[in-house]
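Q: Quick one: the structure is below, and I'll ask about it shortly.
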Amino acid sequence: MKVIVLGAGIVGVTSAYQLAKLGHEVTVIDRQKGPALETSFANAGEVSFGYCSPWAAPGIPMKALKWLFMEHAPLILRPKVDVAMLCWLAKMLSNCTSARYAINKSRMLRLADYSRISLATLRKETGIEYDERMQGTLQLFRTQAQLDASGKDVKALAADGIPYEVLDRDGCIRAEPALAHARDKIVGGLLTPKDETGDCFKFTSELAKKAEQLGVRFSWGTEVKRLDVEGGRVRGVVTNWERLASDAVVVALGSYSPLLLKRYGINLPVYPVKGYSLTIPITEASRAPESTIMDETYKIAITRLGDRIRVGGMAEISGYTNDLGQARRRTLEHSVMDLFPGGDASQASFWSGLRPMTPDGTPVIGPTKIAGLFLNTGHGTLGWTMSSGSARVIADLVSGRKPEIDATDLAISRYA
């Protein structure tokens, strides 16, 4: 079939690659001049198959109220007259129950574990290098209350057969020796040893080259004006340059997906949640991380990427704005320098991106009510983590094949 993929971030490029492997004629459309230049460009670098949780969790409403008054808050809410924002917030709050959390986390872990297998296969068949490491994620707790609260995550990990290890202070230092400098600031941690790290931009750029070798065509600097829908079926895409005919279209536009789909009666509950990152050159390796640490207090990930430290996190709900707030930079610097003062923060590059979040934390993958129109979007903070598995799922669905995992509860129909 002729398949058009809209979006050339990590999700769009992996989708195009898998579709091409199944023999389809694939065109990728993106408004940027190359792959992974928006949300995939400088994310936290985590490939967190085990550390994979919905933001909508029991206790989050009360925590959010407390965070509003914190100097280094992990959540920043800038309310405005925006119906989409208000509806999304209401739906997210409805998912902040123990029952919904368990369902959503199990769903996310299923997809993430499949993605772990898929990424390993992809890495083996392509030989792509991207500053990758396979040394796990350490969720770091600064308080006993945080360590005690991790029980619900341990239960979910155990139920899904995901390896984990609960560590005391000394165990955390054995896993990440540089934490010896911050010994008195931590009480314990939760290690998920199968997690990985890597530079998402490097990976996506290299995979786009491999996709081109399979015949994928990339149309850069191209804006999607509308879908060509006739008789309840998508027939192609109209861009600022031309009309492209296709048998199927995969929407992988991240936060911008609902803006395109709304006019066709598809109400996709995805909203942009802005995240920030710093990329810091390492000056003293003994005070730098070996893998990824998740600072639970500030919800900030600190990741080793070659000779750099990538510090990423926070969730700012402020609409489609991509400005760089200096207060957010101070929070990132505070977290990393407090734990790993082995880099030169004055030489850091500062970045922000819009994460496409669903109210339940799970991406939307599958068909729509319009024949031939498919979605692969809404991955939130876990696009890098879930991309390889999501790509195989969507490639199978577009091809009329049964995916290797149950994907029925990933489709947009779950919101009906």
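Q: On a full-extension model of 0.36 nm per residue, what is the gain between residue 159 and residue 245, subtracting their alpha-carbon distance, rounded to one decimal in nm?
A: Numbers: separation 86, 0.36 × 86 = 30.96 nm, distance 4.55 nm.
Contour length minus the Cα-Cα distance gives 26.4 nm.
Q: Using only C-alpha positions, report the orientation-averaged shadow area of the convex hull of region 65-173, nm², one decimal.
A: Values: hull surface 42.3 nm².
Approximately 10.6 nm², given one-decimal rounding.
Q: I would also like to ask the following. Just name one of 145, 171, 186: the one whose Cα is farthest towards the positive end of the charge dipole of region 114-188 (beta-carbon charges, Lys/Arg +1, Asp/Glu -1).
A: Selected residue: 145.
Q: Considering only the chain, what is the antiparallel percent among its DSSP beta bridges, to the nearest 5?
A: 70
Q: Hey, another quick one. Protein chains only, probe 1.4 Å: how do 334, 379 rank by accessible area, largest first?
A: Numbers: 334 65, 379 10 Å².
Putting 334, 379 in descending order of accessible area: 334, 379.
Q: Compare the Cα positions of 300, 253, 315 along the charge dipole of region 235-348 (+1 at Cβ of Lys, Arg; -1 at Cβ of Asp, Glu; about the Cα centre) and return the one farthest towards the positive end.
A: Selected residue: 253.
Q: Suppose the Debye formula is applied to equal point scatterers at every Cα of region 270-416; what is log10 I(q)/I(0) at q = 0.13 Å⁻¹?
A: Values returned for q = 0.13 Å⁻¹ are -0.68.
Q: For region 129-236, what is the Kirkwood hydrodynamic radius in Å, using each pair of distinct C-alpha atoms?
A: Details: mean 1/r = 0.0555 Å⁻¹.
Result for region 129-236, one decimal place: 18.0 Å.
Q: Still on this structure: What angle, in degrees between 0 and 90 and rounded to the nearest 10, separates the Cα long axis of helix 326-339 from the longest principal axis of the Cα atoms of the chain?
A: Taking Cα atoms only, the helix is inclined about 50 degrees.
Q: Which value, in debye to the nearest 20, describes the size of the charge dipole of the chain about its Cα centre when Lys and Arg Cβ atoms bear +1, Asp and Glu Cβ atoms bear -1, and nothing else is charged? Write out the running numbers ahead of the final one.
A: Values: 51 positive and 44 negative charges, 231 e Å.
Here the size comes out at about 1120 debye.
Q: Further question on the same structure: Could you work out the equivalent-ellipsoid semi-axes for the chain, taking the square root of 5 times each eigenvalue of the Cα gyration tensor, largest first, in whole Å?
A: On the way: eigenvalues 232, 103, 84 Å².
Result for the chain: semi-axes of 34, 23, 20 Å.
Q: Can you tell me which of 13-19, 229-235 comes out highest on packing, and rank the rest after it, using the mean Cβ neighbours within 10 Å? Please list the in-between numbers first.
A: On the way: 13-19: 29.6, 229-235: 13.1.
Result, highest mean Cβ count within 10 Å first: 13-19, 229-235.
Q: How much length is gained on full extension from residue 223 to residue 143, taking 0.36 nm per residue of separation minus their Cα-Cα distance? Please list the in-between numbers first.
A: Values: separation 80, 0.36 × 80 = 28.80 nm, distance 4.80 nm.
This chain segment gains 24.0 nm when fully extended.
Q: Can you put 408, 27 in order of accessible area, largest first, using a 1.4 Å probe?
A: On the way: 408 105, 27 25 Å².
Per-residue accessible area, sorted high to low, gives 408, 27.
Q: Still on this structure: Please determine, in degrees from 0 to 90 and to the nearest 10, the orientation of helix 200-213 with respect to the longest principal axis defined by the Cα atoms of the chain, where the helix direction is its Cα long axis.
A: Relative to the chain, helix 200-213 is tipped by roughly 30 degrees.
Q: Extending each Cα 7 Å along its Cβ direction at residue 152 and residue 409, get the distance between those two points in nm, one decimal.
A: For residue 152 paired with residue 409, the spin-label model returns 1.7 nm.
Q: Kindly report, to the nearest 10 Å², the accessible surface of residue 55 as traced by a 1.4 Å probe over protein heavy atoms only.
A: 60
Q: Step through the residues of region 33-38 one at a time and calculate ³J(HN,Hα) from phi using the Karplus curve (6.51 cos²θ - 1.76 cosθ + 1.60, θ = phi - 60°), rounding each to whole Hz and writing x for Gly and Pro.
A: Along region 33-38, the couplings run 8, x, x, 6, 9, 10 Hz.
Q: In the full protein assembly as shown, how much of residue 130 is accessible to a 1.4 Å probe, in Å² to the nearest 10?
A: Approximately 0 Å² of residue 130 is accessible to the 1.4 Å probe.
Q: Now for a different question. Can you give me the % of accessible surface on region 318-416 that is carbon or sulfur? Probe 1.4 Å, all protein chains present, nothing else counted. Before the final figure, lay out the partial values.
A: Numbers: 1700 of 3380 Å².
So the carbon and sulfur contribution to the accessible surface is 50 percent.
Q: If I ignore ligands, DNA and RNA and count only protein heavy atoms, how much of residue 62 is accessible to a 1.4 Å probe, in Å² to the nearest 10?
A: Accessible surface of residue 62 is approximately 140 Å².
Q: Taking only pairs that are 8 or more places apart or on different chains, how many Lys pairs in region 171-270 have Cα atoms under 30 angstrom apart?
A: Number of lysine pairs found: 9.
Q: A follow-up question, please. Determine the alpha carbon to alpha carbon distance for each of 63/369; 21/105; 66/152 and list only those over 32 Å. Write down the numbers at each step before the final one.
A: Details: 63/369 38 Å; 21/105 30 Å; 66/152 21 Å.
In this structure, 63/369 lie more than 32 Å apart at Cα.
Q: Please list the equivalent ellipsoid semi-axes of region 34-82, computed as the square roots of five times the alpha-carbon gyration tensor eigenvalues, in descending order and whole angstrom.
A: Details: eigenvalues 134, 63, 26 Å².
Rounded to whole Å, the semi-axes are 26, 18, 11.
Q: In Å, what Rg and Dmax follow from the Cα atoms of region 1-131?
A: In order Rg, Dmax, the Cα atoms of region 1-131 give 18.7, 54 Å.
The values are calculated or read from the model by the stated rules, or taken from the named source; none is laboratory data. Everything numeric in this text was worked out from a predicted model, so none of it was measured. Neighbour counts are summed over all protein chains in view; Cβ atoms, including those assigned to glycine, are modelled from backbone coordinates with ideal geometry. Heads up: the accessible areas ignore ligands, DNA and RNA and are worked out on the full protein's heavy atoms, side chains in. Shrake-Rupley method; radii C 1.70, N 1.55, O 1.52, S 1.80 Å.
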